[in-house]
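The values are calculated or read from the model by the stated rules, or taken from the named source; none is laboratory data. Since the model is a prediction, treat every value here as computed from it, not as a measurement. Note that we place each Cβ from the backbone using ideal geometry, even for glycine, and neighbour counts take in every protein chain shown. Calculation scope for accessible area: heavy atoms of the full protein, side chains included, ligands and nucleic acids excluded. Shrake-Rupley method; radii C 1.70, N 1.55, O 1.52, S 1.80 Å.
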Amino acid sequence: MSCKGCGSSCKCHNHLQHVEKGKVLLYEPVKVKILKKQKLGDRHTLLRVEARVDHDPGQFFQVTVLGFGEAPISIASWSKDYIDLVVNPVGTVTKEVIRKKPGDYLLLRGPFGYGYPMHYFYNNSLILVGGGCGVAPLKGVMDYIAKHRQHFGEIHCFFGYRNPGDSIFDKEMAKWEKDGTFTFHYAFSHPPKSFKGPTGFVTKYIEESGLSNHRRAVMICGPTPMMLAAIKSLETLGFNDDQVWISHERHMKCATGMCGHCMIEGKYTCKDGPVFRWDWIKEAKG
Amino acid sequence: MGYLLPKSKLNTFLELLMHGSSFIAPVRRKKDDVVVFEELEGKTDLTRLDFTTNPQFTAKKFFMPAYEPLFTYNMKNQKLTDKKITARQRILFGLRLCDLNAVKIQDQLFINPQFTDDHYQAARENIFLVGWYCNTPPSKFCFCESMNLTHYYDLMLRDLPGKKDIYIDVGSPKGEILMRKAMKLKLKEHHEHVPKIRTPKKLKTHDIRKYFDHPKWQKTTESKCLSCQRCTTMCPTCMCFDIYDKTQTDLEHGTRERTWDSCHSKQFTRVAGDHYFRPDRTARFKHRIYHKIVYYPEIFGQVPMCTGCGRCIEQCPTQIDFVELINEMEDGK
């Protein structure tokens, strides 16, 4: 297997580190330019960076701010020209990242991990279940599907947020809803009193939809309790464990399967994941 | 392939090896009377060599120091300033078979087909491994007999019992290069089988997945384990690390460093929102044991990550003996 980036016989699978000319160390971040910055809802910020590197939806980048550290951020786009990163400022690094302006440089390592195996889902219908910032990696999946729509059946999206202000990519979603690319089901769990829309958790809407498991795969991304609840309600609809793909979250430092932080049983979230088929890690106790 | 070295010429042989590179060997430290791996300063230091016991600390710090700078940076303009890797040529002498196998495990982890850790690789390529064979196990806690050890060294010295010679086994092309340094001695070529080491302690089973929910884990560790991380510091194969930025007080220059980390600390699995994936001590203790004996062979083939050196048992302040624990489970006690 040769490297798609540098064309040499190195066994990396196309990392920014190798697209850059010259030898770049494993832990050395590469400079990329910020093309666009946009506020998404009340909490999230979108940063579009110029990086031409092949990636799967669901993979992630290690974003560095020198002096503050490194944080894994998942990819929220699927394009050959740019990469969208959706940042929720909760930690020291992410709070610093969102202070950058278009034209500034961002330091990245990656992309790392294995994403959603999109080829595997060809000629099937899909269900996407996202919670909060878990919608961001699924946006990458949606970008992919929008560009390869003929290969997929009907697609239902169940997105849950705490309140309407948290929702992200409203404009794109509205456009897709209008032209019928996707069918959307929203749920807001903690909306303000004046809110007149769908309330409660996504699980309620999954169960109400009554979708059968025939030729369908499910992709879930969100907080762990939400993923477990969603899997439970999918089970009531008759879905099997091997039809469900989830994206895990763990503390990680090296992103290359060495530092040991992100281990779930014998699997590294950074290297073997973050996307797992549910039956692979269902029994995982570590 | 190997050579015979008269015991009286051992020091001469080591002096020849020492020439031109940093020489690290087990010596008894004067201040606390503990055997550790230390760099020898000269020929006179050879008298301090001690083979009576396995060194208390492993040699892993020469492959990955406890604090290692990855690169330096300038925080103001967000640029990397220095990313040069420096590595010295080192000869590690006196490693037992358990520590040598630990190096093999580190190599599998850090130099794999997908990713190569540049810092580890630089250090590793400059290290020559010279082993010291255990005729008798150096400690009553050794259990390497049940850990499927293989021969992984450049040179292995074996004090032949009842004879006047030391047998030097050459295990790699690097070992052949090292032997050229001692060409002057005109050693006799010889071949001998390096036998398996027999140890007093044995781990009865590697198949411990079925005991994951055994109440004994909880009973032993919750009352005894202090999460002091002594076992992971002593362990030759515990190579988990943390990466962080350390900025100087001028808020401009800084270093990205990595340091040893331990899965026994609660912080190890912390994610944003203060969620811990292994909040209790039993889970963390079990994770270490299961990583060594169950998870690692599943990833890299049938050799466990534990090499049976017994340091974690010997050094545990509350005498938690995981081998005994597993054996008791196996016996159904």
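In summary, the lysines within cross-link reach of B:Lys76, defined as a Cα separation below 20 angstrom excluding same-chain residues under 8 places away, comprise A:Lys31, A:Lys33, A:Lys95, A:Lys100, A:Lys101, B:Lys246. Legend: residue pairs A:Lys37/A:Lys253; A:Lys139/A:Lys178; A:Lys271/B:Lys210, Cα-Cα distance threshold 19 Å; pairs beyond threshold, A:Lys37/A:Lys253; A:Lys271/B:Lys210. Enumerate the residues in the stretch A:31-48 having an amide nitrogen under 14 Å from the point lying 7 Å beyond the Cα of A:Glu172 toward its Cβ. Hits in the stretch A:31-48 for A:Glu172 at 14 Å: A:36-41, A:45-48.
Rounded to 0.05, the FRET efficiency of the A:Lys196 and A:Leu228 pair, given R0 = 35 Å and the Cβ-Cβ distance, is 0.70.
Over the stretch A:16-111, what is the relative contact order in whole percent, taking alpha-carbon pairs under 8 Å and six or more residues apart? Intermediate results must be reported in sequence, preceding the final value.
Values: 207 pairs, mean separation 33.7, N = 96.
Relative contact order for the stretch A:16-111 comes out at 35 percent.
At 1.4 Å probe size, with every protein chain present, just tell me what the per residue accessible area of chain B comes to in Å². Numbers along the way, then the final one.
Working: 15180 Å² over 333 residues.
Here the per-residue accessible area is 46 Å².
Based on the inverse mean of 1/r over its pairs of different Cα atoms, what is the Kirkwood hydrodynamic radius of the stretch B:174-333, in Å? Kirkwood radius, the stretch B:174-333: 19.2 Å. Per residue, the average separation of C-alpha pairs within less than 8 Å and at least 6 apart gives chain A a relative contact order of 16 percent. For the stretch A:204-215, 3J(HN,Hα) computed residue by residue from phi via the Karplus equation (6.51, -1.76, 1.60; θ = phi - 60°) reads 4, 6, 5, 5, 5, 5, x, 5, 8, 8, 5, 6 Hz, glycine and proline entered as x.
A probe of 1.4 angstrom, applied to the heavy atoms of all protein chains, finds B:Asp250 with accessible area near 70 square angstrom.
Within the same chain, aspartates and glutamates fewer than 8 places from A:Lys193 are excluded, and of the rest, those with a Cα less than 18 Å from its Cα are A:Asp42, A:Asp166.
Taking the three principal axes of the alpha carbon atoms in the protein assembly as shown, the coordinate ranges are 91, 60, 46 Å, sorted in descending order.
Note: relative contact order over the stretch B:195-284, using C-alpha pairs below 8 Å and six or more positions apart, is 24 percent. Other protein chain C-beta atoms within 10 Å of residue C-beta, averaged over A:263-273: 4. With a 1.4 Å probe rolled over the protein heavy atoms of all chains, the accessible area of B:Glu41, B:Glu68, A:Glu50 falls in the order B:Glu41, A:Glu50, B:Glu68, largest first. Derived scalar couplings between HN and Hα for the stretch A:50-60 equal 8, 8, 8, 8, 5, 8, 9, x, x, 6, 9 Hz in order, rounded to whole Hz, by the Karplus curve 6.51 cos²θ - 1.76 cosθ + 1.60 (θ = phi - 60°), x for Gly and Pro.
Here is the P(r) of chain B: all C-alpha pair distances, binned every 10 Å from 0, give 5, 22, 31, 24, 13, 4, 0 in whole percents.
Along its three principal directions, the equivalent ellipsoid of chain A from the Cα gyration tensor extends over semi-axes of 30, 22, 19 Å, largest first. Using just its DSSP H runs of length 4 or more, each adding -39500 (n - 2.57), chain B gives a mean residue ellipticity at 222 nm of -7000 deg cm²/dmol after division by all residues. Computed over protein heavy atoms with a 1.4 angstrom probe, the accessible surface ordering of A:Asp170, A:Asp279, largest first, is A:Asp170, A:Asp279. For B:Arg48 and B:Thr282, the difference between the fully extended length at 0.36 nm per residue and the C-alpha to C-alpha distance is 80.1 nm.
By DSSP, what percent of the beta bridges with both residues in the protein assembly as shown are antiparallel, rounded to the nearest 5? All intermediate terms of the calculation are to be shown ahead of the outcome.
Details: 72 of 107 bridges.
In the protein assembly as shown, DSSP labels about 65 percent of beta bridges as antiparallel.
Only Cα sites of the stretch A:118-247 enter the Debye sum here, all with the same form factor; the resulting log10 I(q)/I(0) across q = 0.17, 0.18, 0.20 1/Å is -0.86, -0.97, -1.21, listed in q order. Couplings 3J(HN,Hα) of the stretch B:260-276, computed from phi: 4, 10, 10, 6, 7, 8, 5, 4, 4, 10, 5, 10, 3, x, 6, 9, 10 Hz, in residue order, whole Hz [Karplus 6.51 cos²θ - 1.76 cosθ + 1.60, θ = phi - 60°; x for Gly and Pro].
Only DSSP H runs of four or more residues enter the estimate; each adds -39500 (n - 2.57), and after division by the residues of chain A the mean residue ellipticity at 222 nm equals -5500 deg cm²/dmol. Between the stretch B:252-266 and the stretch B:144-190, what is the separation of their alpha carbon centroids in Å? Using only Cα atoms to place each centre, the spacing works out to 38 Å. Accessible surface ranking for B:Arg48, A:Arg43, A:Arg52, 1.4 angstrom probe, highest first: A:Arg52, A:Arg43, B:Arg48. Alpha carbon centre of the stretch B:217-248 versus the stretch B:1-55: separation in Å? Rounded to whole Å, the Cα centres lie 30 Å apart. Cross-link partners of B:Lys31 among lysines, defined as those whose alpha carbon lies under 27 angstrom from its own and excluding same-chain residues fewer than eight positions apart: B:Lys43, B:Lys60, B:Lys61, B:Lys140.
Can you give me the solvent accessible area of B:Cys98 with a 1.4 Å probe, rounded to the nearest 10 Å²? Rounded to the nearest 10, the figure is 10 Å².
Amide H contacts of B:Gly254 (H built 1.01 Å from N, in plane; Pro and chain starts excluded): B:Tyr73, B:Met75, B:Gln248 sit under 5 Å, all sequence-distant by 5 or more or on other chains. Ligands, DNA and RNA excluded, the heavy atoms of B:Met179 present near 10 Å² of accessible surface to a 1.4 Å solvent probe.
Could you work out the Rg to Rh ratio of the stretch A:16-111, with Rh taken as the Kirkwood radius (inverse of the mean 1/r over all Cα pairs)? The partial results should precede the final answer.
Working: Rg = 12.4 Å, Rh = 13.4 Å.
Expressed as Rg/Rh, it is 0.93.
Each residue, B:Asp159 and A:Lys147, gets one label point 7 Å from its Cα in the Cβ direction; the gap between the two is 6.7 nm.
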